[in-house]
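Contents: one structure, followed by commentary.
The values are calculated or read from the model by the stated rules, or taken from the named source; none is laboratory data. Given the structure is predicted, the values throughout are model-derived calculations rather than measurements. In this analysis, Cβ positions are derived from the backbone assuming ideal geometry, glycine residues included, and neighbour counts consider all displayed protein chains.
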């Protein structure tokens with residue numbers, strides 16, 4: 001029952017964030033479309049007014065709103081109107097901003113310069129397991145959509161930057177995941193945005209005595225393992 005309740009809470013939080021994102025993008029698109037529509041109507045009104053004031057239409061008493069817009073015996077032609085450059089610039093800037101956000105969100109982490117293609121030591125130690133459990137309170141660290149934490153208990157140690165791509169078997173490259181999210185991640189390289197959000201989230205639950213291993217960079221440890229163990233609380 002507790003797990004079901006946590007699932008409902010997680011789903012509600014996700015739906016709120018999705019609605020906020022959709023409403024924000026929809027608002028930006030609506031503003032741009034409204035501005036374009038207003039500009040188009042103004043151009044049409046100016047075209048109609050200019051045509052009816054022209055000398056060749058002085059004797060024309062019709063009030064046709066399409067008068068002077070190219071409707072003649074040869075058929076209807078699209079009206080000639082000038083696009084307001086301000087509206088065009090705002091629309092283009094908005095599209096470029098959305099594209100930039102998408103590209104930045106998908107940008108992968110930089111490859112660590114470890115001096116090896118694969119760390120000669122692939123597996124973490126029992127001491128590493130005790131370390132990561134103490135830092136995470138045993139809870140999976142995966143961030144759904146990068147925003148809120150998985151409620152399941154962890155059970156597997158994972159190289160944040162994959163070992164197969166050059167990530168070090170180091171506590172600075174160690175995350176604690178449940179079996180489901182470890183399997184889904186596989187050997188995919190995390191994005192910089194996801195990594196930064198995870199590091200930011202760790203500031204809330206990561207113990208002070210282990211802050212030197214809080215930042216994920218995929219680099220090999222420069223500290224001796226025994227020195228790290230001496231800093232653990234209660235020892």
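Please state which one of 160, 131, 151 is at pLDDT below 95 and in the same structural domain as residue 219 (by TED's automatic domain parsing). Please lay out each step first, then the result.
Numbers: 160 fails: at pLDDT below 95; 131 fails: at pLDDT below 95.
Result: 151 is the single residue among 160, 131, 151 that is at pLDDT below 95 and in the same structural domain as residue 219 (by TED's automatic domain parsing).
Selection of the stretch 135-171 for residues being under 24 Å from the mean Cα position of the chain (by Cα), assigned to a strand (DSSP E or B) and surrounded by fewer than 19 Cβ atoms within 10 Å (Cβ to Cβ) yields 139, 143, 144, 148, 149.
The residues in the stretch 189-214 that are assigned to a loop (DSSP other than H, G, I, E, B) and closer than 19 Å to residue 154 by Cα can be counted, and the count is 4.
Go through 84, 126, 119 for me and flag whichever is under 34 Å from the mean Cα position of the chain (by Cα) and at pLDDT 85 or above. Lay out the reasoning, then the answer.
Working: 84 fails: at pLDDT 85 or above; 126 fails: under 34 Å from the mean Cα position of the chain (by Cα).
From the options 84, 126, 119, the qualifying one is 119.
Hey, among the residues in the stretch 172-188 that are touching a strand residue (DSSP E or B) at 6+ places or on another chain (Cβ under 7 Å) and in a helix (DSSP H, G or I), which one's surrounded by the fewest Cβ atoms within 10 Å (Cβ to Cβ)? Step through it out loud before you land on a result.
So the first thing to find is which residues in the stretch 172-188 are touching a strand residue (DSSP E or B) at 6+ places or on another chain (Cβ under 7 Å), and the list is 173-179, 182, 185.
In the following step, the residues that additionally are in a helix (DSSP H, G or I) were identified as 173, 179, 182, 185.
Values: 173: 25, 179: 12, 182: 18, 185: 17.
Among those that are touching a strand residue (DSSP E or B) at 6+ places or on another chain (Cβ under 7 Å) and in a helix (DSSP H, G or I), it is 179.
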